[in-house]
Each structure stands twice: as C-alpha cells, then as structure tokens.
1. Looking at the chain as a GNM with Cα springs under 10 Å, which of Glu112, Glu272, Glu230 has the largest mean-square fluctuation?
2. What shape does the stretch 1-132 take by its C-alpha gyration tensor, where a ≥ b ≥ c are the square roots of the eigenvalues and a/c under 1.5 counts as rounded, a/b above b/c as prolate, and the rest as oblate?
3. State whether the chain is rounded, prolate or oblate according to the following rule on the C-alpha gyration tensor (a ≥ b ≥ c being the square roots of its eigenvalues): a/c under 1.5 gives rounded; otherwise a/b larger than b/c gives prolate, and the remaining case gives oblate.
4. What residue among Glu20, Glu148, Glu107 shows peak mean-square fluctuation when the chain is described by a Gaussian network model with Cα springs under 10 Å?
5. Near Lys297, which lysines are there with a Cα under 18 Å away, not counting those fewer than 8 places off in the same chain?
6. Apply the Karplus parameterisation 6.51 cos²θ - 1.76 cosθ + 1.60, with θ equal to phi minus 60°, to every residue of the stretch 234-241 and state each ³J(HN,Hα) to the nearest whole Hz, in sequence, with x for glycine and proline.
7. For the chain, what is the charge dipole size about the Cα centre, in debye to the nearest 20, if Lys and Arg each add +1 at the Cβ and Asp and Glu each add -1 at the Cβ?
8. Would you work out what percent of the accessible area of the stretch 203-245, with all protein chains in place, is carbon or sulfur (probe 1.4 Å)?
Amino acid sequence: MKSPLLFLPGAVAAEGSDEEVAAHYGDLFREQRALADGTGLVDLSHRGIVTITGDDRLAWLHLLLTQHVSELAPGEATEALVLSANGHIEHALYLVDDGTTTWTHVEPGTREALVAYLESMKFFYRVEVADRTDDIALVHLPAGSIAEVPEGTAVRETAYGRDLFLPRAQLEAYAAAHGPLAGILAYEALRVENHRPRLGFETDHRTIPHELGWIGSAVHLQKGCYRGQETVARVQNLGKPPRRLVFLHLDGSEVLLPGHGTPIRLAADGAEGRHLGFITTSARHHELGPIALALIKRNVPVDAELMAGDTAAAQEAVVEV
C-alpha cells in the first residue's frame, strides 16, 4: 500500500521495491544532513511487519534463525537471517522482543514468503505468527533524535537510530509532529556510508553471510543447528568466501550514478575487461559525494583501480580480504 506521506507537497515517489514511500521531499542533501544531525524521521511504512507471540517464541526462533535469540532480553535489538539448506541468504529479519511479542521488520515483498516458512515450521511449538503490515507502520528516527515515542509502541533501538512499530492510523499525525521528513534516498545514503548490507540489494541468489560482513551482527557462530549452518561453519573454519563487499568512492564528475547490477572491471583492462563483480547500491552523499557498495571477487587487490561501467571507482575493504 502506498504511504499517505507520499501525497504531501514536494514528495517524489521512490522506485523499485521502495516505490510505496518517498524518495525525497524536495531537498535530498538537506534531508541527509537532518538525519546525520539526529533530527527528522524516515517513513519506512512499506516494510513488512511480522510478529511472533507465545511462550515458545524465542526458543523456536532460535532453532530457525542464524542469530542467538533464545535469551533475547526485552528491548534488546538484534538482526538475523534465514538461510537455504546450502547456506544462501533467503530472508533478513530485524528483531526486538518486548517481553510478550517478538516484533520483526523485513524487506518489502518478502513478508508473505517469510510467514509461509514460519507457519510451516511451527509443529508442536506454542507460537503464533502474524502479518501485521496492514495495521503497523515502521518509522525510523535517527541516532540522537529526541522525538517522543508514543506510550506502548514497540521500539527497536540500535547505534543507527530507533525503529518504531507505530499503529498505521497514527502515521500522518506522528510525522506532522516530529518532522522534518527525510526520504528513502537520504536513509540509503547513510546506510551505504555505514557499509550496512540490505537484502535484495547486496544479495543475489547465491550470497552467503560471510561475503557481506553479516557474521557476528546477524550470524552467531556458537549456537546450535539451523538450516544452512554447515556452509557457515565450513567457510568460517576452512576457507574464505568467493566474494566480498566493498565500499566505493565514485568519480564525482559523472552525471549519472551507476545503478544496481552495473558490472565492475579493472580500470587497466578497459571496457572489454572481465567482470569482477557488480554495483549493489549507489548513492549521493551530502559530504562524501557519489558512493556505492559493491560485491566483487575476493582476490581483487584492495588497491586496484576499478571501473563501475564508465565510472572510475576506488575501493575500501568492508570484509576481510
């Protein structure tokens, strides 16, 4: 469903999986600076909201997810993945438990498949899974924000800010009281700056957690079995992943940013050089200029000069080479 905030003056709709919220509200860099300064909010109401209740919820989730959640304390934020049997990433969940309910938000377009998977794994456990997207909207407050949180609202607090699971009926009023609004492009620019991967952007059908630096933050290495654990353990103990996430500084003289999927080559090899990877997310940052995340072959030298399509790029390592 399209966010009601898309109909505010100046709102410009985003594209792709974010099309139900605003890309910006008329001034991308002002919106970024506001978020960096700890003011304003981001409408993330297009993300899926899934809750799990019942006495067995944390023990049950612990069996299914890559993260250690069996003893998750109320109010403690974490993130976790669902992997395929071969260790490839299928879902990314951002969680908090309030003592009676585990609240999660997930990428747009993934909630139906996630709910179906969770329902299929209930067996005899005392758990109930609910898709709450129709009545709960996610709102992001940046780190340092002093905006008031309505009483009874579930909050997921991290180093990057607070995610509020707000009743959807309150979205317009809350945004009016706690603006200025910042669009998804401002939020994404700061995500890229902080090297944070996103499902469907930094991932493809064969991505494993090690490639994106999700070991630790979303994957716990000292916990019991879960689907895909054998691949995680094998790569961790016996080898290295075939690809790695990198942060790119892009040539600022180019008018257009290289989009998702733009091939990356060695600059020395020219336009006919072999593909070494691809752009996953690119953004215009209010201080750093054009930047991007990319997934490239692990053996590409860190100091190699790269080309993303026709754009020169210098890399910084995100995960261990």
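1. Among Glu112, Glu272, Glu230, the largest GNM mean-square fluctuation belongs to Glu272.
2. prolate
3. oblate
4. Glu148
5. Lys297 reaches Lys240.
6. So the Karplus estimates, Gly and Pro as x, are 5, 5, 5, 9, 10, x, 10, x Hz.
7. Computed about the Cα centre, the dipole is about 820 debye.
8. Ligands and nucleic acids excluded, carbon and sulfur give 53 percent.
The values are calculated or read from the model by the stated rules, or taken from the named source; none is laboratory data. Note that this is a predicted model, so its numbers are computed, not measured. Cβ: placed from backbone, ideal geometry, glycine included. Neighbour counts: every protein chain shown. Accessible surface is based on the protein model in full, side chains and every heavy atom, while ligands, DNA and RNA are left aside. Shrake-Rupley method; radii C 1.70, N 1.55, O 1.52, S 1.80 Å.
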